[in-house]
Amino acid sequence: ATPVAIMVGTGVGAKNGILIKSGDALQSARDINTVVLDKTGTITEGKPKVTDVIVYEKGLNSDEIILIAAAIEKPSEHPLAEAIVNEALARGTLIPDVEDFQAVFGKGVMGVCEGKKCMAGNVGFMNENDITLSSEIQTAIEALSEDGKTPLLFAMDGKLSAVIAVADTVKASSMKAIRELHDMKIEVVMLTGDNKRTAQAVQKRLGINQVVAEVLPEDKEKEIRRLQREGKKVAMVGDGINDAPALAAADVGIAIGAGTDVAIDSADIILMKSRLTDAITAIRLSRAVIRNIK
Ligand code: ADP
Ligand code: MG
């Protein structure tokens, strides 16, 4: 493209809250035939709320469970952690301190609270730490997931004490964006660290072509490269620290403006209004600009 066409293109983008960092990014956007979307914070609002607290520990009620869970989640920056902390605050409790806090990227958190060794995370995290899940608990986890909720497992002193379900609202603009991508014959892939059932429930609701769930942060990038090896021209849209390597690996990395600085730094295009529909506008803009100079 000519420098003038690129200037015009980036200018129109900026006016619409779409920051295109380079002329190369604008040109590459033209050929995109696959869009990979992160789930939490990209398709969904990224502000999950606690919906259910199922207690398995005798002598403890849900307020007490939320309180301790909030204590070990407080130092975490994950949206799930924020949901638990907000729930504790809404219940009007003072969150105790945690010692020996440790976050395991893409899995969960652990720490010592009131002398008890506590852990919160997904099924894999519990398995790795030898926490047994009874068939009753497994059934509860499945039911919550089928509902599109994310089950967060909470264990104390080596025993599973509660299942806390957290749910996130799908952005209205996401539904529209996914429909439009289909109309443009662009394949849509959802990539998430969340569990398979929850991811599939969201996939079904939105009519997404392909879903890759239970992806560890370091593996999101590998999925992008796999699609590229299949000959796809890939745009990745994400918001989190865990999306940064995938954003950098994609042909076009697109960050949600409300996302983390690391994601914004790794991307070629930033959606200031945090709407997926603007990713489509960027692709259309690229096609228009390139067409005009041919
Ligand atoms: P995503 O942003 O796609 O949900 P992540 O890699 O951030 O993916 O997280 C993957 C999964 O790891 C989450 O769905 C959750 O089950 C678990 N997890 C990560 N961080 C935490 C945390 N602070 N507390 C509880 N669970 C967590
Ligand atoms: Mg995310």
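Quick look at the numbers
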{"item": "Rounded Å value of the spacing that divides the Cα centres of segment 186-263 and segment 1-57", "result": "11"}
{"item": "Rule-of-thumb Rg ratio for segment 20-113 [Cα; 2.2 N^0.38 Å; N residues]", "result": "1.53"}
{"item": "Solvent exposure of segment 18-81 as accessible area per residue, Å², 1.4 Å probe", "result": "42"}
{"item": "Long-range Cα-Cα pairs in segment 244-294 (distance over 15 Å), rounded percent", "result": "48"}
{"item": "Added length on full extension, which subtracts the Cα-Cα distance from 0.36 nm per residue, Glu142 to Val4", "result": "44.2 nm"}
{"item": "Highest-fluctuation residue, Ala248, Ala263, Ala14 considered, GNM on the chain with Cα pairs under 10 Å", "result": "Ala14"}
{"item": "Relative contact order, percent, segment 233-294 [alpha-carbon distance under 8 Å, six or more residues apart]", "result": "26"}
{"item": "For segment 89-148, diffusion coefficient by Stokes-Einstein and Kirkwood Rh (Cα), 10 °C, 1.306 mPa s, µm²/s", "result": "118"}
{"item": "Volume in Å³ per residue [convex hull over Cα atoms, computed for segment 136-189]", "result": "100"}
{"item": "Counting DSSP beta bridges with both ends in segment 118-267, the antiparallel % (nearest 5)", "result": "60"}
{"item": "The chain pair-distance distribution - Cα-Cα, 5 Å bins, rounded %", "result": "1, 6, 12, 16, 17, 14, 11, 9, 6, 4, 3, 1, 1, 0, 0"}
{"item": "Segment 184-272 - percent of accessible surface contributed by carbon and sulfur, probe 1.4 Å", "result": "47"}
{"item": "Lys116, Lys15, Lys222, Lys273, ranked by accessible area, largest first (probe 1.4 Å)", "result": "Lys15, Lys222, Lys273, Lys116"}
{"item": "Helix axis angle, 196-206 relative to the chain longest principal axis, alpha carbon, degrees", "result": "50"}
{"item": "Mean ellipticity per residue at 222 nm, deg cm²/dmol - from DSSP H runs of n ≥ 4 across the chain, formula -39500 (n - 2.57)", "result": "-13000 deg cm²/dmol"}
{"item": "Proximal lysines to Lys176, defined as alpha-carbon separation beneath 25 angstrom and excluding residues fewer than eight positions away on the same chain", "result": "Lys15, Lys39, Lys47, Lys49, Lys149, Lys185, Lys196, Lys204, Lys220, Lys232, Lys233, Lys273"}
{"item": "Fluctuation leader among Ile178, Ile283, Ile254 - the chain, Gaussian network, Cα springs under 10 angstrom", "result": "Ile283"}
{"item": "Alpha-carbon Rg/Rh ratio, for segment 209-294, with Rh computed the Kirkwood way", "result": "1.00"}
{"item": "Computed accessible area, Val98, all protein chains, 1.4 angstrom probe, square angstrom", "result": "40"}
{"item": "Highest-fluctuation residue, Gly111, Gly59, Gly121 considered, GNM on the chain with Cα pairs under 10 Å", "result": "Gly59"}
{"item": "GluC sites (Glu not before Pro) restricted to DSSP loop in segment 102-163 with at most 14 other C-beta within 10 Å", "result": "Glu114"}
{"item": "Rounded to 5, percent antiparallel among DSSP beta bridges of the chain", "result": "60"}
{"item": "Reciprocal mean inverse distance between Cα atoms of segment 97-217 - Kirkwood radius, Å", "result": "15.9"}
{"item": "Nearest-ten-degree value, helix 79-90 long axis tilted from longest Cα axis of the chain", "result": "50"}
{"item": "Size of segment 1-42 as Cα extents on the principal axes (Å, biggest first)", "result": "37, 22, 12"}
{"item": "Charge dipole of the chain about the Cα centre (unit charges at C-beta), most positive-ward option of Val12, Gly106, Ile137", "result": "Val12"}
{"item": "Convex hull volume per residue for segment 1-158, taking Cα atoms only, in Å³", "result": "167"}
{"item": "On Cα atoms only, tilt of 277-293 relative to the major axis of the chain in degrees", "result": "20"}
{"item": "Exposure rank, largest accessible area first [Thr2, Thr198, Thr40, Thr132; 1.4 Å]", "result": "Thr132, Thr2, Thr40, Thr198"}
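The values are calculated or read from the model by the stated rules, or taken from the named source; none is laboratory data. Owing to the predicted nature of the structure, the values given are computational and were not obtained by experimental measurement. Cβ sites come from the backbone with ideal geometry, for glycine too, and all protein chains shown count toward neighbours. Surface accessibility is based on the protein's heavy atoms, side chains included, excluding ligands, DNA and RNA. Shrake-Rupley method; radii C 1.70, N 1.55, O 1.52, S 1.80 Å.
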